[in-house]
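Have a look at the structure below before the remarks.
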Amino acid sequence: TADSKVYDGTVDANISDWGTLAGVVGGDDVSLVTDAAVAEFANKHVEVNKTVTVTGFTLTGADADKYAITAQTTLANITELDITVTADAQSKFYGEVDPALTYGVTGSLVGTDSWVVTLGRDADENVGVYAINATIEITDGNNGDNYNVIYVGDNLTINQLPIEVTAD
């Protein structure tokens with residue numbers, strides 16, 4: 001049995017249960033050796049019921065030369081890696097230029113995967129509160145589907161501009 005895993009950018013799989021040999025005749029002395037076995041998913045991308053191929057088995061025992069073992073397959077899942085992008089609250093006074101819109105990230109991309117995060121806000125220059133929104137494009141060889149990106153928005157607040165009265 002192969003373990004499911006969260007996307008990590010590799011095809012590496014872990015076998016949690018090697019099973020038992022089936023088809024051994026009578027009381028033949030044959031055992032499975034898994035020391036050099038390697039388990040790999042078909043590719044590194046997110047998918048449910050994905051094929052895992054296990055190679056490198058050997059047999060040992062007095063009757064091992066009577067049997068042959070080939071690569072075996074099983075199924076497991078690769079699930080999305082969660083990444084949270086959180087917009088930072090911003091403010092300015094009426095008439096000022098917008099401050100830079102910034103964000104924090106919880107989690108990280110894997111390997112050579114990359115992304116472009118573009119922040120914007122609802123358009124208006126009057127005093128008020130405006131949502132900061134995001135467009136997030138991920139390049140991971142799987143249309144961004146290896147990640148579950150959670151966006152936590154915030155706001156840009158435009159405050160009243162304080163003015164003074166001066167005597168003439």
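The values are calculated or read from the model by the stated rules, or taken from the named source; none is laboratory data. It should be emphasised that the depicted structure is a prediction, and the values quoted were computed from it without experimental measurement. Using ideal geometry, Cβ is built from the backbone for each residue, glycine included, and neighbour counts are taken over all protein chains shown. Accessible surface areas use protein heavy atoms only, side chains included; no ligands, DNA or RNA. Shrake-Rupley method; radii C 1.70, N 1.55, O 1.52, S 1.80 Å.
Within the range 89-114, how many residues turn out to be over 30 Å from Leu156 (Cα atoms) and either β-branched (Val, Ile, Thr) or more than 22 Å from the chain's Cα centre (by Cα) (or both)?
2
Those residues that are aliphatic (A, V, I, L, M) and in contact (Cβ under 8 Å) with a residue 60 or more places away in the chain, I need them from the range 41-81; list them, please.
Hits for the range 41-81 are Val46, Leu75, Ala76, Ile78, Leu81.
Going through Thr55, Thr34 one at a time, which residue ends up being of a type in the set (Val, Ile, Thr), open to solvent by 60 Å² or more (accessible area, probe 1.4 Å) and farther than 17 Å from Asp145 by Cβ?
Testing whether each residue is of a type in the set (Val, Ile, Thr), open to solvent by 60 Å² or more (accessible area, probe 1.4 Å) and farther than 17 Å from Asp145 by Cβ leaves just Thr55.
Which of the residues spanning the range 5-17 are in a loop (DSSP other than H, G, I, E, B) and loosely packed, with under 15 Cβ neighbours inside 10 Å?
Asp8, Thr10, Asn14, Ser16, Asp17
When you look at Gly23, is it in a loop (DSSP other than H, G, I, E, B) and at pLDDT below 95, yes or no?
Answer is yes for this residue.
Tell me whether the range 6-19 contains one or more residues that are of a type in the set (Val, Ile, Thr), out of contact with any Pro (no Cβ under 6 Å at 6 or more places or on another chain), over 13 Å from Thr79 (Cβ atoms) and modelled with pLDDT under 95.
Checked against the condition, which is being of a type in the set (Val, Ile, Thr), out of contact with any Pro (no Cβ under 6 Å at 6 or more places or on another chain), over 13 Å from Thr79 (Cβ atoms) and modelled with pLDDT under 95, the range 6-19 yields at least one hit.
Where residues in the range 58-88 are under 31 Å from the mean Cα position of the chain (by Cα), under 30 Å from Asp12 (Cβ atoms) and among the hydroxyl-bearing types (Ser, Thr, Tyr), which of them is surrounded by the fewest Cβ atoms within 10 Å (Cβ to Cβ)?
Ranking the qualifying residues of the range 58-88, first place goes to Thr73.
If you scan the range 26-54, which residues turn out to be closer than 26 Å to Ile83 by Cβ and either of a type in the set (Phe, Trp, Tyr) or not in a loop (DSSP other than H, G, I, E, B) (or both)?
Glu40, Phe41, Glu47, Val48, Asn49, Lys50, Val52, listed by residue number.
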